[in-house]
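Down below is the structure, laid out as structure tokens.
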């Protein structure tokens, strides 16, 4: 198979790109999935599982639709740099010198040496569907538009490529929060949540689900929490640092939030030995969730993070630390029962009252007598507020 392609060369923002044409066989032989840009293998495994439904639909489209057409598949190149040879158009008399200069810089030959690896940054579903179509019928011969961009196989390069991935997908169609948690390079809560998933040793990635929805589903009952809950924690605590969302965050800002969230997790996990003891023990995890332990539900972490955010802002983190051992994290306890845990169901719309009660318990923040509606003031709450 030829490793030489007629090509254009252009620039867009900070990216230099090379549009070429690929045959379905070249797509099948050469284009990999994008696992090399993720921090952990399991994050990519999740994305690859998510490819399956759409690949089938696109494959059917390629098979039955005569008027089919795709946008270009954007492909990263790593483990090698292809050679670019610009065409010399000096012998064409009908063109002005300035025109020749522009064309010389933009039209040429792209040659691969064979050591490069190519992976789909945008268009993974399309690439996999093309492969499937070609494997079932090797006479399938669409010319596939491919745009190459240079990918640096380093931490900075991976972040830059992931950002391109998420930018393309966020502008093309709505990406689910679960997918954004894995690929997004703009929102700091997604970046830091992934960093916790990959680097924070006190919460093994094996007990963190990569589900698309925040509630822990029955089929995932062996997991302690999920990536979306970490995203929510990061989003809440980030408000103790940033007054509003930013478009770009520095490495120092990311590290600062990471350290604050890790400190919060350290405090919570260190205050309740039942949590860490359940890691890797699915029976114990299911038992604690069935026994209504608030921190085995996303809402428990959300409420705790809101209190910790307040503690940071009001310089009460030491109070938070000292009082943690006094908290009853059962959903049937005073801070949760009949507020966010009503008739054995989690109801989140009134969580602000649970947050107010936990601020009172953990930080001695006074509660105005009118702050909690009468219908939430049961006997246990009345007794608590009399102390």
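A few points about this structure:
- Boolean, residue 254 is on the phi < 0 side of the Ramachandran plot, part of a helix (DSSP H, G or I), surrounded by fewer than 20 Cβ atoms within 10 Å (Cβ to Cβ) and in the same structural domain as residue 286 (by TED's automatic domain parsing): yes
- When residues of region 172-216 are limited to those that are out of contact with any helix residue (DSSP H, G or I) (no Cβ under 9 Å at 6 or more places or on another chain) and in the same structural domain as residue 245 (by TED's automatic domain parsing), the one surrounded by the fewest Cβ atoms within 10 Å (Cβ to Cβ): 201
- Taking region 290-387 as the region of interest, the helices (runs of 4 or more DSSP H) fully inside it that hold 2 or more residues being touching a strand residue (DSSP E or B) at 6+ places or on another chain (Cβ under 9 Å), within 24 Å of residue 238 (Cβ to Cβ) and at pLDDT 90 or above are 298-313.
- One residue stands out among those in region 263-273 that are free of Cβ contacts under 8 Å to residues at least 60 places away in the same chain, touching a helix residue (DSSP H, G or I) at 6+ places or on another chain (Cβ under 9 Å) and in a helix (DSSP H, G or I): the one that is surrounded by the most Cβ atoms within 10 Å (Cβ to Cβ), which is 264.
- Set 80, 76: member being at positive phi and either touching a helix residue (DSSP H, G or I) at 6+ places or on another chain (Cβ under 8 Å) or modelled with pLDDT under 80 (or both): 80
- Condition met for residue 276 (part of a helix (DSSP H, G or I) and either farther than 17 Å from residue 359 by Cβ or within 28 Å of the chain's Cα centre (by Cα) (or both)): yes
- Test: residue in region 58-70 that is modelled with pLDDT under 85 and surrounded by 12 or more Cβ atoms within 10 Å (Cβ to Cβ): no
- Search result, residues across region 201-216 that are in contact (Cβ under 8 Å) with a residue 60 or more places away in the chain and either assigned to a helix (DSSP H, G or I) or within 16 Å of the chain's Cα centre (by Cα) (or both): 205, 206, 207, 210, 214
- Some residue of region 219-233 being under 21 Å from residue 315 (Cβ atoms) and either at pLDDT below 90 or surrounded by 18 or more Cβ atoms within 10 Å (Cβ to Cβ) (or both): yes
- Which numbered condition residue 219 misses (of (1) touching a residue at least 40 places away in the same chain (Cβ under 8 Å); (2) in the same structural domain as residue 302 (by TED's automatic domain parsing); (3) within 30 Å of residue 343 (Cα to Cα)): (1)
- Filter result (assigned to a strand (DSSP E or B) and at pLDDT 90 or above) within region 19-41: 19, 20, 21, 22
- Exactly one residue among 196, 188 is modelled with pLDDT of 95 or more and within 15 Å of residue 305 (Cβ to Cβ), and that residue is 196.
The values are calculated or read from the model by the stated rules, or taken from the named source; none is laboratory data. For clarity, every value in this text was computed on a predicted model and none was experimentally measured. In this analysis, Cβ positions are derived from the backbone assuming ideal geometry, glycine residues included, and neighbour counts consider all displayed protein chains.
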